[in-house]
Amino acid sequence: MDPTKVNPTAGYSVTCSCHKTFSTPAAYKNHENVCPSRTNDLAAILAEAKRSLRRKAAEITSDPPSEEVQANFSSPTGSGPGLLPAAGTVPSFPIPNLPSRPGKRPRTGQLPSRYRDMVLTEKRLRDTLPQPLAVASLTLPVPTLADDTTPVATDLQTSYATFIDTPCNAFGLYRRYQKLPAHDPERAVSLGSLSDIKQISSTPSYAPYPNSSAFKLGKWYWNGVQKSQNSFRLLVDIVGSEDFVPADVRNINWKKIDSQLGVNEWDSEEWENVDAGWHVSEVTIQVPFHRNVQSPGVRPFTVRSFHRRPLVLVIRDKLSLKMADMRHSHLEPYELMWRMGAQEEPIRLHGEIYTSPSFSKAHHELQSSPPEPGCALPRYVVSLMFWSDGTHLTNFGTASLTPLYLQFGNESKYRRCKPSSHLTEHVAYFEELPDEFKAFASQYIGKSKIDSDFLSHCRRELAHAQWRLLLDDEFVEAYHHGIVAKWEDGISRRFYPCIFCYSADYKE
(Lines give C-alpha, C1' and ligand atoms only; values in the text may rest on other atoms or scores of the structure.)
Protein backbone atom coordinates (compact mmCIF):
# COMPACT_ATOMS: atom_id res chain seq x y z
CA MET A 1 0.00 0.00 0.00
CA ASP A 2 1.25 3.49 -0.90
CA PRO A 3 1.92 5.35 2.40
CA THR A 4 1.04 8.73 0.81
CA LYS A 5 -2.53 7.56 0.32
CA VAL A 6 -2.88 6.82 4.02
CA ASN A 7 -0.96 9.92 5.15
CA PRO A 8 -0.74 12.76 2.58
CA THR A 9 2.15 14.36 4.50
CA ALA A 10 4.30 11.28 4.39
CA GLY A 11 7.74 12.15 3.02
CA TYR A 12 7.26 15.91 3.74
CA SER A 13 10.32 17.62 5.17
CA VAL A 14 11.32 21.29 5.25
CA THR A 15 14.14 23.09 7.04
CA CYS A 16 13.75 26.69 8.27
CA SER A 17 16.51 29.30 8.13
CA CYS A 18 17.03 28.72 11.85
CA HIS A 19 18.09 25.08 10.98
CA LYS A 20 14.97 23.46 12.41
CA THR A 21 13.33 20.66 10.39
CA PHE A 22 9.59 20.01 10.22
CA SER A 23 7.73 16.97 8.84
CA THR A 24 4.23 18.52 8.49
CA PRO A 25 3.06 21.77 6.76
CA ALA A 26 0.98 22.79 9.80
CA ALA A 27 3.94 22.64 12.14
CA TYR A 28 6.08 24.67 9.73
CA LYS A 29 3.35 27.30 9.31
CA ASN A 30 3.01 27.72 13.08
CA HIS A 31 6.78 28.06 13.36
CA GLU A 32 6.90 30.77 10.67
CA ASN A 33 4.73 33.09 12.79
CA VAL A 34 7.15 33.09 15.71
CA CYS A 35 10.55 32.40 14.11
CA PRO A 36 12.90 35.33 14.93
CA SER A 37 15.41 34.30 12.27
CA ARG A 38 12.82 34.57 9.48
CA THR A 39 11.67 37.98 10.79
CA ASN A 40 15.25 39.25 10.69
CA ASP A 41 15.70 37.94 7.16
CA LEU A 42 12.58 39.73 5.93
CA ALA A 43 13.68 42.96 7.59
CA ALA A 44 17.09 42.72 5.92
CA ILE A 45 15.55 42.10 2.48
CA LEU A 46 13.20 45.07 2.88
CA ALA A 47 16.01 47.38 4.01
CA GLU A 48 18.17 46.34 1.04
CA ALA A 49 15.26 47.00 -1.36
CA LYS A 50 14.80 50.51 0.08
CA ARG A 51 18.52 51.28 -0.25
CA SER A 52 18.48 50.09 -3.85
CA LEU A 53 15.48 52.31 -4.61
CA ARG A 54 17.19 55.37 -3.12
CA ARG A 55 20.40 54.75 -5.10
CA LYS A 56 18.63 54.41 -8.42
CA ALA A 57 16.45 57.46 -7.77
CA ALA A 58 19.55 59.53 -6.90
CA GLU A 59 21.30 58.42 -10.09
CA ILE A 60 18.35 59.53 -12.20
CA THR A 61 18.03 62.98 -10.61
CA SER A 62 21.81 63.70 -10.55
CA ASP A 63 22.79 62.34 -13.97
CA PRO A 64 19.96 62.64 -16.52
CA PRO A 65 20.46 60.63 -19.72
CA SER A 66 21.26 62.24 -23.02
CA GLU A 67 18.54 62.89 -25.60
CA GLU A 68 19.82 60.03 -27.78
CA VAL A 69 19.84 57.51 -24.96
CA GLN A 70 16.47 58.69 -23.72
CA ALA A 71 14.98 58.37 -27.19
CA ASN A 72 16.31 54.82 -27.52
CA PHE A 73 15.07 53.76 -24.12
CA SER A 74 11.69 55.42 -24.45
CA SER A 75 10.79 53.40 -27.53
CA PRO A 76 7.56 51.47 -26.96
CA THR A 77 9.17 48.36 -28.46
CA GLY A 78 12.16 48.39 -26.12
CA SER A 79 12.54 45.90 -23.30
CA GLY A 80 15.00 45.04 -20.60
CA PRO A 81 15.86 46.09 -17.07
CA GLY A 82 17.63 49.28 -18.17
CA LEU A 83 14.51 51.07 -19.51
CA LEU A 84 13.90 54.60 -18.28
CA PRO A 85 10.38 55.94 -17.69
CA ALA A 86 8.78 58.39 -20.05
CA ALA A 87 9.35 62.09 -19.45
CA GLY A 88 7.10 63.61 -16.81
CA THR A 89 6.35 60.29 -15.04
CA VAL A 90 7.49 58.95 -11.71
CA PRO A 91 10.03 56.09 -12.00
CA SER A 92 9.05 52.70 -10.62
CA PHE A 93 11.43 49.87 -9.71
CA PRO A 94 10.74 46.23 -8.98
CA ILE A 95 10.33 45.47 -5.31
CA PRO A 96 10.61 41.84 -4.13
CA ASN A 97 7.29 40.17 -3.44
CA LEU A 98 7.83 39.71 0.26
CA PRO A 99 5.51 37.53 2.31
CA SER A 100 3.60 39.45 4.98
CA ARG A 101 3.33 38.34 8.55
CA PRO A 102 -0.14 37.13 9.57
CA GLY A 103 -2.08 39.67 11.62
CA LYS A 104 -0.18 42.67 10.19
CA ARG A 105 -1.90 45.30 8.02
CA PRO A 106 -0.20 45.92 4.65
CA ARG A 107 1.88 49.05 4.50
CA THR A 108 0.87 51.84 2.15
CA GLY A 109 3.79 53.27 0.17
CA GLN A 110 4.23 56.99 -0.41
CA LEU A 111 6.40 58.78 -2.96
CA PRO A 112 9.21 61.07 -1.81
CA SER A 113 8.26 64.72 -1.59
CA ARG A 114 10.37 65.72 -4.62
CA TYR A 115 8.15 63.56 -6.85
CA ARG A 116 4.89 65.14 -5.73
CA ASP A 117 3.34 68.18 -7.39
CA MET A 118 2.50 69.99 -4.10
CA VAL A 119 2.77 69.08 -0.45
CA LEU A 120 0.11 70.91 1.66
CA THR A 121 2.30 71.13 4.74
CA GLU A 122 1.55 74.77 5.50
CA LYS A 123 -1.70 75.59 7.28
CA ARG A 124 -2.40 78.51 4.98
CA LEU A 125 -2.55 76.12 2.02
CA ARG A 126 -4.87 73.68 3.78
CA ASP A 127 -7.28 76.45 4.83
CA THR A 128 -7.44 78.18 1.45
CA LEU A 129 -10.98 78.26 0.07
CA PRO A 130 -11.67 76.76 -3.37
CA GLN A 131 -11.29 79.19 -6.21
CA PRO A 132 -14.65 80.75 -7.22
CA LEU A 133 -16.12 80.38 -10.66
CA ALA A 134 -15.40 82.97 -13.30
CA VAL A 135 -17.49 86.10 -12.80
CA ALA A 136 -19.57 87.38 -15.67
CA SER A 137 -18.28 90.44 -17.46
CA LEU A 138 -19.56 93.81 -16.37
CA THR A 139 -20.62 94.63 -19.91
CA LEU A 140 -23.04 92.09 -21.32
CA PRO A 141 -24.38 91.89 -24.86
CA VAL A 142 -27.77 93.49 -25.34
CA PRO A 143 -29.97 91.74 -27.96
CA THR A 144 -31.20 93.81 -30.87
CA LEU A 145 -35.00 93.83 -31.15
CA ALA A 146 -37.28 95.04 -33.85
CA ASP A 147 -39.53 98.04 -33.24
CA ASP A 148 -42.73 95.99 -33.29
CA THR A 149 -41.59 93.30 -30.88
CA THR A 150 -41.92 93.16 -27.11
CA PRO A 151 -38.61 92.59 -25.30
CA VAL A 152 -38.77 89.35 -23.33
CA ALA A 153 -35.57 88.31 -21.56
CA THR A 154 -35.16 84.57 -21.18
CA ASP A 155 -31.57 84.69 -19.93
CA LEU A 156 -30.91 86.48 -16.65
CA GLN A 157 -27.44 87.56 -17.78
CA THR A 158 -28.76 89.39 -20.83
CA SER A 159 -31.68 91.16 -19.13
CA TYR A 160 -29.42 94.01 -17.99
CA ALA A 161 -26.32 95.45 -19.61
CA THR A 162 -24.19 96.34 -16.59
CA PHE A 163 -23.59 95.57 -12.95
CA ILE A 164 -23.39 98.27 -10.29
CA ASP A 165 -21.10 97.47 -7.36
CA THR A 166 -21.20 99.42 -4.12
CA PRO A 167 -17.99 100.20 -2.17
CA CYS A 168 -16.70 97.49 0.18
CA ASN A 169 -17.24 97.87 3.90
CA ALA A 170 -14.71 97.06 6.61
CA PHE A 171 -15.35 93.32 6.23
CA GLY A 172 -14.92 93.23 2.46
CA LEU A 173 -18.66 92.96 1.76
CA TYR A 174 -20.39 94.85 -1.01
CA ARG A 175 -23.57 94.64 -3.05
CA ARG A 176 -23.92 94.03 -6.75
CA TYR A 177 -27.04 95.54 -8.26
CA GLN A 178 -28.35 95.28 -11.76
CA LYS A 179 -30.54 98.29 -11.05
CA LEU A 180 -30.20 100.67 -8.14
CA PRO A 181 -33.21 100.59 -5.78
CA ALA A 182 -35.33 103.64 -5.06
CA HIS A 183 -34.46 103.41 -1.35
CA ASP A 184 -32.06 101.46 0.85
CA PRO A 185 -34.01 99.61 3.59
CA GLU A 186 -30.86 99.12 5.68
CA ARG A 187 -29.75 102.74 5.66
CA ALA A 188 -31.10 103.46 9.16
CA VAL A 189 -30.46 99.99 10.62
CA SER A 190 -28.41 99.93 13.81
CA LEU A 191 -27.43 97.24 16.28
CA GLY A 192 -30.06 98.45 18.71
CA SER A 193 -32.83 98.04 16.15
CA LEU A 194 -31.91 94.36 15.72
CA SER A 195 -31.73 93.57 19.44
CA ASP A 196 -34.41 92.94 22.04
CA ILE A 197 -32.20 93.99 24.95
CA LYS A 198 -34.10 96.64 26.85
CA GLN A 199 -32.35 99.85 27.72
CA ILE A 200 -32.06 100.42 31.47
CA SER A 201 -33.81 103.60 32.45
CA SER A 202 -32.38 105.87 35.10
CA THR A 203 -35.90 106.33 36.54
CA PRO A 204 -37.26 103.09 38.06
CA SER A 205 -40.71 101.97 36.99
CA TYR A 206 -43.18 100.35 39.39
CA ALA A 207 -46.08 99.92 36.93
CA PRO A 208 -48.89 99.21 37.42
CA TYR A 209 -48.19 100.55 40.93
CA PRO A 210 -47.92 104.34 41.05
CA ASN A 211 -44.96 104.58 43.44
CA SER A 212 -42.40 102.66 45.45
CA SER A 213 -44.48 102.50 48.66
CA ALA A 214 -47.47 100.94 46.87
CA PHE A 215 -45.20 98.47 45.08
CA LYS A 216 -43.67 97.26 48.35
CA LEU A 217 -47.09 96.69 49.93
CA GLY A 218 -48.35 94.86 46.84
CA LYS A 219 -45.26 92.66 46.77
CA TRP A 220 -45.75 91.79 50.43
CA TYR A 221 -49.41 90.94 49.82
CA TRP A 222 -48.89 88.62 46.86
CA ASN A 223 -45.78 86.81 48.12
CA GLY A 224 -47.03 83.96 50.28
CA VAL A 225 -50.52 82.49 50.66
CA GLN A 226 -50.56 82.26 54.44
CA LYS A 227 -49.25 85.04 56.59
CA SER A 228 -46.85 84.22 59.39
CA GLN A 229 -44.74 86.00 61.96
CA ASN A 230 -41.95 86.28 59.41
CA SER A 231 -44.26 87.98 56.91
CA PHE A 232 -45.51 90.28 59.70
CA ARG A 233 -41.93 91.36 60.40
CA LEU A 234 -41.50 92.10 56.69
CA LEU A 235 -44.60 94.29 56.78
CA VAL A 236 -43.24 96.15 59.80
CA ASP A 237 -39.93 96.70 57.97
CA ILE A 238 -41.82 98.13 54.96
CA VAL A 239 -43.97 100.65 56.84
CA GLY A 240 -41.12 101.50 59.18
CA SER A 241 -38.52 102.25 56.49
CA GLU A 242 -37.45 105.82 55.89
CA ASP A 243 -38.50 105.88 52.22
CA PHE A 244 -42.08 104.69 52.96
CA VAL A 245 -44.60 107.52 52.52
CA PRO A 246 -48.09 106.76 53.95
CA ALA A 247 -49.69 109.45 51.81
CA ASP A 248 -48.63 107.60 48.64
CA VAL A 249 -50.83 104.58 49.46
CA ARG A 250 -53.82 106.40 50.92
CA ASN A 251 -56.05 106.79 47.83
CA ILE A 252 -54.91 103.91 45.57
CA ASN A 253 -57.45 101.75 43.69
CA TRP A 254 -56.02 98.36 44.65
CA LYS A 255 -58.75 96.41 42.84
CA LYS A 256 -57.88 98.05 39.52
CA ILE A 257 -54.19 97.31 39.96
CA ASP A 258 -54.94 93.64 40.73
CA SER A 259 -57.03 93.33 37.55
CA GLN A 260 -54.16 94.80 35.50
CA LEU A 261 -51.76 92.29 36.99
CA GLY A 262 -53.95 89.41 35.78
CA VAL A 263 -54.18 90.55 32.15
CA ASN A 264 -51.73 89.31 29.49
CA GLU A 265 -50.57 91.40 26.56
CA TRP A 266 -52.42 89.21 24.09
CA ASP A 267 -55.75 89.08 25.97
CA SER A 268 -56.93 92.26 24.28
CA GLU A 269 -56.37 90.86 20.77
CA GLU A 270 -59.26 89.55 18.76
CA TRP A 271 -59.31 85.85 18.00
CA GLU A 272 -62.31 84.36 16.28
CA ASN A 273 -63.68 87.53 14.77
CA VAL A 274 -64.41 88.50 11.20
CA ASP A 275 -63.06 92.00 11.80
CA ALA A 276 -59.69 90.50 12.81
CA GLY A 277 -59.65 88.39 9.65
CA TRP A 278 -60.33 84.98 11.21
CA HIS A 279 -62.87 82.70 9.60
CA VAL A 280 -64.11 79.24 10.52
CA SER A 281 -64.57 76.85 7.61
CA GLU A 282 -65.66 73.28 7.09
CA VAL A 283 -63.33 70.94 5.20
CA THR A 284 -64.83 68.01 3.32
CA ILE A 285 -62.79 65.14 1.89
CA GLN A 286 -63.84 62.20 -0.24
CA VAL A 287 -63.00 58.92 1.51
CA PRO A 288 -62.61 55.93 -0.85
CA PHE A 289 -63.61 52.40 0.20
CA HIS A 290 -62.46 49.60 -2.11
CA ARG A 291 -64.68 46.87 -3.45
CA ASN A 292 -63.56 44.23 -0.97
CA VAL A 293 -65.05 45.99 2.06
CA GLN A 294 -68.59 45.76 3.37
CA SER A 295 -69.81 48.99 1.71
CA PRO A 296 -67.56 50.01 -1.24
CA GLY A 297 -67.64 53.44 -2.85
CA VAL A 298 -66.70 57.05 -2.04
CA ARG A 299 -68.14 58.70 1.05
CA PRO A 300 -67.75 62.37 2.12
CA PHE A 301 -66.38 63.21 5.54
CA THR A 302 -66.47 66.74 6.97
CA VAL A 303 -64.02 68.23 9.47
CA ARG A 304 -65.32 71.34 11.18
CA SER A 305 -63.66 74.34 12.83
CA PHE A 306 -60.81 75.01 10.42
CA HIS A 307 -59.61 78.46 11.56
CA ARG A 308 -57.91 80.51 8.86
CA ARG A 309 -57.25 84.02 7.63
CA PRO A 310 -57.49 84.86 3.91
CA LEU A 311 -53.95 85.27 2.59
CA VAL A 312 -54.84 88.23 0.38
CA LEU A 313 -56.25 90.08 3.40
CA VAL A 314 -53.02 89.48 5.33
CA ILE A 315 -50.92 90.66 2.38
CA ARG A 316 -53.03 93.78 1.86
CA ASP A 317 -52.74 94.70 5.53
CA LYS A 318 -49.00 94.26 5.30
CA LEU A 319 -48.61 96.38 2.18
CA SER A 320 -51.07 99.16 3.01
CA LEU A 321 -51.33 99.46 6.78
CA LYS A 322 -47.97 98.41 8.22
CA MET A 323 -45.86 101.12 6.64
CA ALA A 324 -43.22 100.91 9.37
CA ASP A 325 -42.48 97.32 8.30
CA MET A 326 -42.42 98.09 4.59
CA ARG A 327 -39.72 100.73 5.09
CA HIS A 328 -37.38 97.83 5.86
CA SER A 329 -38.50 95.68 2.90
CA HIS A 330 -36.16 94.94 0.01
CA LEU A 331 -38.00 95.25 -3.29
CA GLU A 332 -34.99 95.07 -5.63
CA PRO A 333 -32.76 91.96 -5.56
CA TYR A 334 -28.99 92.18 -5.34
CA GLU A 335 -26.00 89.89 -4.93
CA LEU A 336 -24.05 90.08 -1.70
CA MET A 337 -20.36 89.70 -2.56
CA TRP A 338 -17.22 89.25 -0.47
CA ARG A 339 -13.68 90.00 -1.58
CA MET A 340 -10.74 88.76 0.50
CA GLY A 341 -8.26 91.20 -1.05
CA ALA A 342 -7.90 93.68 -3.85
CA GLN A 343 -6.46 91.06 -6.20
CA GLU A 344 -8.82 88.22 -5.23
CA GLU A 345 -11.91 87.16 -7.13
CA PRO A 346 -15.17 87.99 -5.28
CA ILE A 347 -17.29 85.27 -3.71
CA ARG A 348 -21.08 85.41 -3.64
CA LEU A 349 -22.66 84.99 -0.20
CA HIS A 350 -26.12 83.59 0.52
CA GLY A 351 -28.20 84.35 3.60
CA GLU A 352 -31.37 86.22 2.66
CA ILE A 353 -34.29 85.57 0.34
CA TYR A 354 -33.78 88.83 -1.55
CA THR A 355 -30.11 87.95 -2.27
CA SER A 356 -30.91 84.45 -3.53
CA PRO A 357 -30.89 83.40 -7.20
CA SER A 358 -34.55 82.34 -6.90
CA PHE A 359 -35.68 85.81 -5.88
CA SER A 360 -33.56 87.42 -8.59
CA LYS A 361 -35.00 85.06 -11.19
CA ALA A 362 -38.58 85.76 -10.11
CA HIS A 363 -37.95 89.52 -10.17
CA HIS A 364 -36.44 89.50 -13.66
CA GLU A 365 -39.16 87.25 -15.02
CA LEU A 366 -41.75 89.65 -13.64
CA GLN A 367 -40.03 92.69 -15.17
CA SER A 368 -39.71 90.90 -18.51
CA SER A 369 -43.36 89.82 -18.64
CA PRO A 370 -46.03 91.98 -20.28
CA PRO A 371 -47.63 94.43 -17.80
CA GLU A 372 -51.30 94.55 -16.98
CA PRO A 373 -53.35 96.25 -19.72
CA GLY A 374 -53.30 99.99 -19.20
CA CYS A 375 -51.11 99.79 -16.08
CA ALA A 376 -47.74 101.54 -15.81
CA LEU A 377 -47.18 101.00 -12.07
CA PRO A 378 -43.84 99.60 -10.90
CA ARG A 379 -44.05 95.87 -10.20
CA TYR A 380 -42.39 93.95 -7.39
CA VAL A 381 -42.34 90.43 -5.94
CA VAL A 382 -43.68 89.75 -2.44
CA SER A 383 -41.84 86.76 -0.97
CA LEU A 384 -44.07 84.50 1.16
CA MET A 385 -42.48 82.07 3.62
CA PHE A 386 -44.66 79.51 5.44
CA TRP A 387 -43.84 77.45 8.52
CA SER A 388 -45.93 74.87 10.34
CA ASP A 389 -45.08 72.75 13.35
CA GLY A 390 -47.10 70.79 15.87
CA THR A 391 -47.34 72.51 19.27
CA HIS A 392 -47.98 70.58 22.46
CA LEU A 393 -50.28 72.67 24.68
CA THR A 394 -50.02 70.94 28.05
CA ASN A 395 -47.44 69.09 30.10
CA PHE A 396 -49.92 66.26 30.58
CA GLY A 397 -52.29 64.85 27.99
CA THR A 398 -52.32 64.96 24.20
CA ALA A 399 -53.83 68.39 23.50
CA SER A 400 -51.98 70.02 20.60
CA LEU A 401 -52.32 72.52 17.77
CA THR A 402 -50.73 72.79 14.35
CA PRO A 403 -50.43 76.52 13.54
CA LEU A 404 -49.39 77.91 10.17
CA TYR A 405 -47.11 80.95 10.27
CA LEU A 406 -46.38 83.44 7.50
CA GLN A 407 -43.36 85.70 7.16
CA PHE A 408 -42.34 88.03 4.35
CA GLY A 409 -38.95 87.27 2.86
CA ASN A 410 -38.48 90.85 1.67
CA GLU A 411 -37.52 91.69 5.26
CA SER A 412 -34.19 90.77 6.78
CA LYS A 413 -33.98 87.58 8.82
CA TYR A 414 -32.44 89.59 11.65
CA ARG A 415 -35.63 91.60 11.95
CA ARG A 416 -37.90 88.59 11.44
CA CYS A 417 -36.26 86.67 14.30
CA LYS A 418 -36.76 89.59 16.68
CA PRO A 419 -39.99 88.83 18.65
CA SER A 420 -40.78 92.45 19.45
CA SER A 421 -40.92 93.28 15.71
CA HIS A 422 -44.12 91.21 15.35
CA LEU A 423 -43.25 90.19 11.80
CA THR A 424 -44.77 86.69 12.00
CA GLU A 425 -48.41 86.29 11.04
CA HIS A 426 -50.72 83.49 12.19
CA VAL A 427 -52.76 82.54 9.13
CA ALA A 428 -54.28 79.14 9.99
CA TYR A 429 -54.57 76.32 12.49
CA PHE A 430 -54.58 72.98 10.68
CA GLU A 431 -57.08 70.35 11.71
CA GLU A 432 -56.29 66.65 11.94
CA LEU A 433 -58.56 63.65 11.53
CA PRO A 434 -60.74 63.56 14.67
CA ASP A 435 -61.32 60.47 16.79
CA GLU A 436 -64.79 59.93 15.28
CA PHE A 437 -63.22 59.30 11.87
CA LYS A 438 -62.34 55.73 12.86
CA ALA A 439 -65.95 55.06 13.80
CA PHE A 440 -67.03 56.61 10.49
CA ALA A 441 -64.67 54.41 8.49
CA SER A 442 -65.43 51.24 10.47
CA GLN A 443 -69.11 51.27 9.52
CA TYR A 444 -68.16 50.96 5.84
CA ILE A 445 -65.14 48.71 6.21
CA GLY A 446 -66.96 46.27 8.49
CA LYS A 447 -64.18 45.97 11.08
CA SER A 448 -62.66 48.16 13.76
CA LYS A 449 -59.03 47.81 12.61
CA ILE A 450 -58.15 50.33 9.89
CA ASP A 451 -55.19 49.97 7.57
CA SER A 452 -52.37 52.48 8.14
CA ASP A 453 -52.05 53.24 4.42
CA PHE A 454 -55.74 54.14 4.33
CA LEU A 455 -55.29 56.55 7.25
CA SER A 456 -52.23 58.12 5.59
CA HIS A 457 -54.21 58.74 2.43
CA CYS A 458 -57.05 60.41 4.35
CA ARG A 459 -54.64 62.61 6.34
CA ARG A 460 -52.98 63.68 3.11
CA GLU A 461 -56.34 64.49 1.52
CA LEU A 462 -57.30 66.56 4.56
CA ALA A 463 -54.04 68.54 4.46
CA HIS A 464 -54.47 69.26 0.75
CA ALA A 465 -58.12 70.25 1.21
CA GLN A 466 -57.17 72.81 3.86
CA TRP A 467 -54.49 74.25 1.59
CA ARG A 468 -57.05 74.54 -1.21
CA LEU A 469 -59.09 76.80 1.07
CA LEU A 470 -56.01 78.90 1.84
CA LEU A 471 -54.97 79.20 -1.81
CA ASP A 472 -58.44 80.32 -2.84
CA ASP A 473 -59.55 82.05 -6.05
CA GLU A 474 -58.74 85.47 -4.59
CA PHE A 475 -55.14 84.44 -3.95
CA VAL A 476 -54.79 82.91 -7.43
CA GLU A 477 -56.10 86.18 -8.92
CA ALA A 478 -53.53 88.17 -6.93
CA TYR A 479 -50.80 85.70 -7.92
CA HIS A 480 -51.42 86.31 -11.63
CA HIS A 481 -52.44 89.98 -11.67
CA GLY A 482 -50.91 91.44 -8.50
CA ILE A 483 -52.16 93.63 -5.65
CA VAL A 484 -52.07 97.42 -5.96
CA ALA A 485 -51.00 99.25 -2.79
CA LYS A 486 -50.24 102.92 -2.20
CA TRP A 487 -47.41 103.70 0.17
CA GLU A 488 -46.88 106.73 2.37
CA ASP A 489 -44.62 108.27 -0.29
CA GLY A 490 -47.74 108.65 -2.47
CA ILE A 491 -46.55 106.14 -5.09
CA SER A 492 -48.80 103.21 -5.97
CA ARG A 493 -47.11 99.89 -6.72
CA ARG A 494 -48.28 96.50 -7.93
CA PHE A 495 -47.10 93.55 -5.84
CA TYR A 496 -47.15 89.91 -6.93
CA PRO A 497 -47.16 87.31 -4.11
CA CYS A 498 -44.90 84.32 -4.64
CA ILE A 499 -44.30 81.36 -2.29
CA PHE A 500 -40.57 80.82 -1.75
CA CYS A 501 -40.51 78.61 1.34
CA TYR A 502 -42.74 76.07 3.05
CA SER A 503 -41.31 74.15 6.00
CA ALA A 504 -43.69 71.81 7.82
CA ASP A 505 -44.13 68.48 9.53
CA TYR A 506 -45.10 65.53 7.38
CA LYS A 507 -48.48 65.07 9.04
CA GLU A 508 -49.52 62.15 6.88
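Can you give the FRET efficiency for H480 and E344, using 1/(1 + (r/R0)^6), R0 = 35 Å, r = Cβ-Cβ distance, to the nearest 0.05?
Numbers: r = 44 Å, r/R0 = 1.27.
About 0.20, to the nearest 0.05.
Of the accessible area of region 425-492, with the probe set at 1.4 angstrom, what percent is carbon plus sulfur?
48 percent
Tell me, in nm to one decimal, what length is gained between I238 and T203 on full extension, where the rule is 0.36 nm per residue of separation less the Cα-Cα distance? Provide the component values of the computation, followed by the final result.
On the way: separation 35, 0.36 × 35 = 12.60 nm, distance 2.10 nm.
Additional length available on full extension: 10.5 nm.
Over region 393-498, give the accessible area per residue in Å² for a 1.4 Å probe, as an integer.
Here the per-residue accessible area is 55 Å².
May I ask you to list the trypsin sites (Lys or Arg not before Pro) in region 367-450 that are in a DSSP loop and have at most 15 other Cβ atoms within 10 Å of their Cβ?
K447, K449
What ranking of M340, M385 comes out by heavy-atom accessible area, probe 1.4 Å, highest first?
Order by accessible area, largest first: M340, M385.
Along the principal axes of its C-alpha atoms, what lengths does region 414-508 span, in descending order and rounded to whole Å?
66, 32, 20
Which FRET efficiency value, to the nearest 0.05, is calculated for S195 and L455 with the Förster distance at 41 angstrom and r the Cβ-Cβ distance?
Numbers: r = 47 Å, r/R0 = 1.13.
The computed FRET efficiency comes out at 0.30.
Any idea what diffusion coefficient region 369-454 gets from Stokes-Einstein, in µm²/s, Kirkwood Rh on alpha carbon pairs, 37 °C, 0.692 mPa s?
Calculated translational D: 185 µm²/s.
Let me check something: with ligands and nucleic acids excluded, how do D472, D435, D237 order by accessible area (1.4 Å probe), largest to smallest?
Result of the area sort, largest leading: D435, D237, D472.
Could you please put C458, C417 in sequence from largest to smallest accessible area, using a 1.4 Å probe? Don't jump to the answer; show the numbers that get you there.
On the way: C458 0, C417 95 Å².
From most exposed to least exposed: C417, C458.
With r defined as the distance between the Cβ atoms of H392 and L173 and R0 fixed at 35 Å, what FRET efficiency is calculated, to the nearest 0.05?
Details: r = 41 Å, r/R0 = 1.17.
The computed FRET efficiency comes out at 0.30.
Given the pairs K219/K256; K29/K56; K179/K486; K20/K50, which are separated by over 26 angstrom at their Cα positions?
K29/K56; K20/K50, as the Cα separations exceed 26 Å there.
Find out how many positive minus negative residues lie around F306, taking Lys and Arg as positive, Asp and Glu as negative, among other residues whose Cβ is under 9 Å from that of F306.
Result for the neighbourhood of F306: 0.
What is the sum of charges around F215, taking Lys and Arg as +1, Asp and Glu as -1, for the other residues whose C-beta is under 14 Å from the C-beta of F215?
Residues close to F215 contribute a combined charge of -1.
Probe radius 1.4 Å, ligands and nucleic acids ignored: give me the carbon and sulfur share of the accessible area of region 325-424 as a rounded percent.
Details: 2800 of 4980 Å².
Its accessible area is 56 percent carbon and sulfur atoms.
Restricting attention to region 338-397, which GluC sites (Glu not before Pro) occupy a DSSP loop and are surrounded by at most 13 other Cβ atoms within 10 Å?
On the way: sites: E344, E352, E365; in loops: E344, E352.
Answer in residue order: E344.
Expressed in nm to one decimal, what extension gain is obtained for the pair C417 and H19 from 0.36 nm per residue of sequence separation less their Cα-Cα distance?
Result: 135.1 nm gained on full extension.
Starting from the Cα of A504, step 7 Å along the direction of its Cβ; do the same at A27; then give the gap between the two resulting points in nm.
Going from the A504 label point to the A27 one covers 8.0 nm.
The values are calculated or read from the model by the stated rules, or taken from the named source; none is laboratory data. Predicted, not measured: the structure shown is a model, and the values here were computed from it. When we count neighbours, we look across all protein chains shown, and the Cβ atoms used for this are built from the backbone with ideal geometry, even at glycine. Ligands, DNA and RNA are excluded from the accessible area calculation, which covers all protein heavy atoms including side chains. Shrake-Rupley method; radii C 1.70, N 1.55, O 1.52, S 1.80 Å.
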